[in-house]
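S.K.: This structure is in structure tokens; I'll ask about it shortly.
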Amino acid sequence: MDNRDRDRSLLARSTNDDSDAPVQETSNDAAVSRDSAARLGYINDPWIRYFVKRPQRRAPLINRGTYSRFHGIQGTLKRFANAVAALRSEQSQEKKTEEEPAVGQVVVLGAGMDTSYFLMSADSNNSSVAGLRFFEVDFPEITAKKAATV
């Protein structure tokens with residue numbers, strides 16, 4: 001079985017298996033919560049609104065949890081990006097022409113409608129994104145929905 005056959009098999013199994021539906025729904029739930037927090041000013045995420053069809057106002061406790069998670073993850077990503085940028089700068093100062101510049105990889109498992117890539121790319125104060133590669137992994141239905149929106 002080649003890779004294409006394996007991918008088709010996985011896609012067919014995934015689209016025919018309703019037992020994954022509750023897990024997949026967490027993507028929408030998280031996006032609605034993030035949108036609620038953004039609309040109320042808890043977080044600054046101008047991209048999330050494109051992924052939410054029916055905005056809902058969440059309870060303050062949910063918005064505070066979203067705030068904590070958002071700032072924790074975004075802060076960690078920025079520190080990682082800065083560390084990769086520092087390594088790239090160090091490599092360029094040493095002028096090691098035979099080595100490729102360091103690249104940091106961010107792998108988001110169960111990415112859903114995560115907007116971290118867009119936030120990092122749009123941050124004009126963060127030039128270190130150039131040294132990062134983002135990979136988002138999720139169910140085929142979720143990634144197709146996200147790709148269609150983008």
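The values are calculated or read from the model by the stated rules, or taken from the named source; none is laboratory data. As the structure is a prediction and not an experimental result, all values here were calculated from the model. Surface areas here come from the heavy atoms of the whole protein model, side chains and all, with no ligands, DNA or RNA. Shrake-Rupley method; radii C 1.70, N 1.55, O 1.52, S 1.80 Å.
S.K.: Working out 0.36 nm times the residue gap between GLN105 and VAL150, then minus their Cα-Cα distance, what length gain in nm do you get to one decimal? Spell out each step's value before the answer.
M.R.: Numbers: separation 45, 0.36 × 45 = 16.20 nm, distance 2.11 nm.
Gain on extension, GLN105 to VAL150, equals 14.1 nm.
S.K.: While we're looking at this one, here's another question. What list of ³J(HN,Hα) values in whole Hz, one per residue of region 70-84 in order, does the Karplus curve 6.51 cos²θ - 1.76 cosθ + 1.60 (θ = phi - 60°) give from phi, with Gly and Pro shown as x?
M.R.: Each residue of region 70-84 in turn: 4, 5, x, 5, 5, x, 5, 4, 5, 5, 5, 4, 5, 5, 5 Hz.
S.K.: Here's a follow-up. Could you pull the accessible area for LYS145 with a 1.4 Å probe, rounded to 10 Å²?
M.R.: The accessible area of LYS145 comes to roughly 80 Å².
S.K.: Please list, ordered by chain and number, the residues whose modelled amide H lies under 5 Å from the amide H of VAL108; skip anything fewer than 5 residues away on the same chain.
M.R.: Here PHE135, GLU136, VAL137 satisfy the definition.
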